[in-house]
Amino acid sequence: MPYIGNTAADRFVASKAATQFSGDGSTTAFTLEHSVGADEDILVSVDGVVQEPSVAYAVSGTTLTFTAAPSSNSGNNIFVYYLFRTVGTVGHPSNQALSATSGTFSTDLTVDTDTLKVDSTNDLVGINTATPSDMYYNELVVNSGDEGGITILDTSSGQSALAFGDGTSGNARYRGRILYDHNTDSLSIGTAGEQYWTMDSAHIITTPKQPAFQAQTGTQNNIAGGTTISFPTETFDQNADFASNTFTAPVTGKYQLSFTIRLVDVDSASNYHIIRLQTSNRNYDPIFDTNEYSADIDYYSMQFSILADMDANDTAILVYIQSAGATQVDIGANDGFFTGYLVA
C-alpha cells in the first residue's frame, strides 16, 4: 500500500534479536552475536531467572562475562536478548556498494589484496604491497613498480614539500625539507630549518652555506722568517670558517686551498724563500731560490694550489720562511690572496 517517506531499506540484514548459550558449570565468558555498548543494553536470563546487570554479569564489546559460572543443564539454559540491537548493528551484503560519511575500522583494512593495506596492529600502511612490515622504513610503503612513483600535485605558482620534523612549532616542523617552488621551477634541500642547496630552472646549483672563502693580505714590512702572513680583509666567507688569518675546516673532507703572494724587495743574498701552506695534517712548501739573482728583486709573486685532506676543526695558515739574508721582505695590502673551498 502507499506510504509517506523514504523507501524502506531492503539491502541490509538485521542482527539476531537473541542468543542462546549452554552453561557447563565452569565457563564464565561467552561471545555475543554483536558488540554491546553497556551492561543494560541486553537482558540476560539463566535457568529462567533474569540476571542483574553489572552485578551478575558485565559486557565488553562482544564478550559477556558472568560473575559466577552458570549451571550446567541440558539444552540452552542461558538467554541473551539484545535490547538496542538496531544501533549500528546491521550487516551489509558483500556484493553491494556501501556509502557512508565516516567510519571506524577496529582491525586491519585491506583493499583488493594489496592495493591498500592498513596494518592496524603495527600502525603501518602499504600501497601495492600487503606486507609493509617487510621494509626497514615501513610506516608508509609504496611499491611503485616499473615507472611508478608518488606525485605531489600543486598549482603553477605554489610550493610543495616533503618535510622532516621533530616538533610541533616553528621550524621544528620542518627541520629537514625538500621543497619545490613551481613559480620559479627551483628545487631546494634544507637542514636545520633552512634551505642550503638549490637548483634553479636553468639547472644551476647554488650552495650558499658550502665552505668557501677568499681573504686579502694586509701590509707587513720587513717580515722575519716564521711569521704568519696576515689576511685582515675577507672578500667572502660563506660559512664563516675564516678568522684571525686562519681557515678552520668545519667538516672532514677534501679542500682546494690556493694562494698568490707578491713579495717586495727580496734580498738576493738569501738562499731561498718559502710560503708555507701549513695545515694540521701536513705542510706544503713551494720554494723560491734567490741564489741565481745578482741584485735584490723588486717584486716576486708566488702561487700555489693543492687539494688537501682536512679533518673537522683542522686549520690552515700561510707562513713566510726565509733562509739567510736580510730581513727586508714586504707584503703590501691586497697584494696577496688566500682562498679555499670544500670539494668533497
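The values are calculated or read from the model by the stated rules, or taken from the named source; none is laboratory data. Bear in mind the structure is a predicted one, so any value in this text is a computation, not a measurement. Glycine gets a Cβ as well: all are built from the backbone with ideal geometry, and neighbour counts include every protein chain shown.
Quick notes on this one:
- Considering (1) in a loop (DSSP other than H, G, I, E, B); (2) surrounded by 13 or more Cβ atoms within 10 Å (Cβ to Cβ); (3) hydrophobic (A, V, I, L, M, F, W, C), the lone condition that LEU153 does not fulfil carries the number (2).
- Any hit, the range 186-203, residues being assigned to a loop (DSSP other than H, G, I, E, B) and touching a residue at least 24 places away in the same chain (Cβ under 8 Å): no
- Residues of the range 215-259 that turn out to be under 35 Å from the mean Cα position of the chain (by Cα) and among the small types (Gly, Ala, Ser), as a count: 4
One line per residue, one yes/no per condition, for (1) part of a loop (DSSP other than H, G, I, E, B); (2) closer than 12 Å to ALA18 by Cα; (3) at pLDDT 95 or above; (4) of a type outside the set (Gly, Ala, Ser):
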site	(1), (2), (3), (4)
ALA58	no, no, yes, no
THR65	no, no, yes, yes
SER72	yes, no, no, no
TYR81	no, yes, no, yes
PHE84	yes, yes, no, yes
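- Only a single criterion out of (1) among the basic types (Lys, Arg); (2) within 15 Å of the chain's Cα centre (by Cα); (3) within 30 Å of PHE247 (Cβ to Cβ) is not satisfied by ARG173, namely (3).
- Across the range 117-142, the qualifying residues are those that are under 25 Å from LEU187 (Cβ atoms) and part of a loop (DSSP other than H, G, I, E, B), and the one among them that is nearest to the chain's Cα centre (by Cα) is TYR137.
- Among (1) of a type outside the set (D, E, K, R); (2) farther than 24 Å from ALA29 by Cβ; (3) at pLDDT 95 or above - the single one VAL111 does not satisfy: (3)
- Annotation note: of THR246, THR252, THR219, THR227, the sole residue that is buried (at least 17 other Cβ atoms within 10 Å of the Cβ) and polar (S, T, N, Q) is THR227.
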